[in-house]
Amino acid sequence: MTIERQHLWPTTIYTFKLDTLSSNTNEKLSQHILEKEKQGLGFKFNPIQGSGWQSNKDLFETDAEFSELQKSLIVKVNDILSTVYRDDAEIRLLNSWANISRKGECTMPHIHEEASWSCVYYVTHTGNANIYFKDPRLQEYMDSSHHFLKQPYTNTISKRPFESGEVILFPSWLEHGVAMSVEDTIRISIACNFLIQG
């Protein structure tokens, strides 16, 4: 008897490294983002929401310092998503913002409403504060037999640590968050959303 095993409805994400940027780009971006935080440009989440800092969501539009990164991300994301969507679909950058988190801070689970795809560019390495994704298949939890599985269902998948210059691209509807950092380091990232439209 031949038994065939299939995996249905996988959720696709993409990871890549931007190697088109100048060698000292991330160092400059880090200093620039930290200066924005120091100047009070953006806002700090309250402790219930994780306590991290976030810039306003017009980062690429209002600051020329990010133009090289913006162009590189748009080109790469279009290269990837153009293989997924029809030729008449437009892949448009919607918004962008910077994030800073320190020891004891995290990002609570959330989705990015009104967007199609989201990406995160890591200005610094993530250390132990990794992005994680929640299983979107709610019906799965209706089956009580998962308690008896040898490898029980897990609610979240935590991604590997990311290095400076790496990017992750994922569907905006996929619930995600960032684990609390326990290291004395500053974690800086830049997130942006893309909209698919006709």
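The values are calculated or read from the model by the stated rules, or taken from the named source; none is laboratory data. This is a predicted model, so every value here is computed, not measured. All Cβ positions, even for glycine, are placed from backbone atoms using ideal geometry, and neighbour counts span all protein chains on display. Each accessible area value is taken on the protein alone, full model and side chains, heavy atoms only, with ligands, DNA and RNA left out. Shrake-Rupley method; radii C 1.70, N 1.55, O 1.52, S 1.80 Å.
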For the range 144-160, name all the residues that are of a type outside the set (V, I, T), open to solvent by less than 70 Å² (accessible area, probe 1.4 Å) and either modelled with pLDDT of 80 or more or within 16 Å of I13 (Cβ to Cβ) (or both).
S145, K159
I need every pair where a residue in the range 24-41 that is under 17 Å from Y122 (Cβ atoms) and β-branched (V, I, T) has its Cβ under 6 Å from the Cβ of a residue that is open to solvent by less than 40 Å² (accessible area, probe 1.4 Å) and not in a helix (DSSP H, G or I), sequence separation at least 6 or different chains.
I33/A98; I33/I188
Can you pull out every residue in the range 103-130 that is crowded, with 16+ Cβ neighbours inside 10 Å and among the β-branched types (V, I, T)?
T107, V120, V123, T124, T126
Check S181 against each of (1) surrounded by fewer than 16 Cβ atoms within 10 Å (Cβ to Cβ); (2) modelled with pLDDT under 90; (3) not β-branched (V, I, T) and name the one condition it does not meet.
(1)
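For (1) over 29 Å from K71 (Cβ atoms); (2) of a type in the set (A, V, I, L, M, F, W, C); (3) surrounded by 16 or more Cβ atoms within 10 Å (Cβ to Cβ), each residue gets a yes or a no:
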{"position": "Y132", "(1), (2), (3)": "yes, no, yes"}
{"position": "F170", "(1), (2), (3)": "no, yes, yes"}
{"position": "H176", "(1), (2), (3)": "no, no, yes"}
{"position": "I188", "(1), (2), (3)": "no, yes, yes"}
Looking only at residues that are without any contact (Cβ under 8 Å) to a residue 60 or more places away in the chain and part of a helix (DSSP H, G or I) in the range 49-69, which one is surrounded by the fewest Cβ atoms within 10 Å (Cβ to Cβ)?
A64
Would you check which residues across the range 4-32 are farther than 26 Å from F133 by Cα and either at pLDDT 95 or above or not in a loop (DSSP other than H, G, I, E, B) (or both) and list them?
T25, E27, K28, L29, Q31, H32
Please specify each residue of the range 12-33 satisfying the condition of being hydroxyl-bearing (S, T, Y), more than 16 Å from D63 (Cβ to Cβ) and touching a strand residue (DSSP E or B) at 6+ places or on another chain (Cβ under 9 Å).
T12, Y14, T15
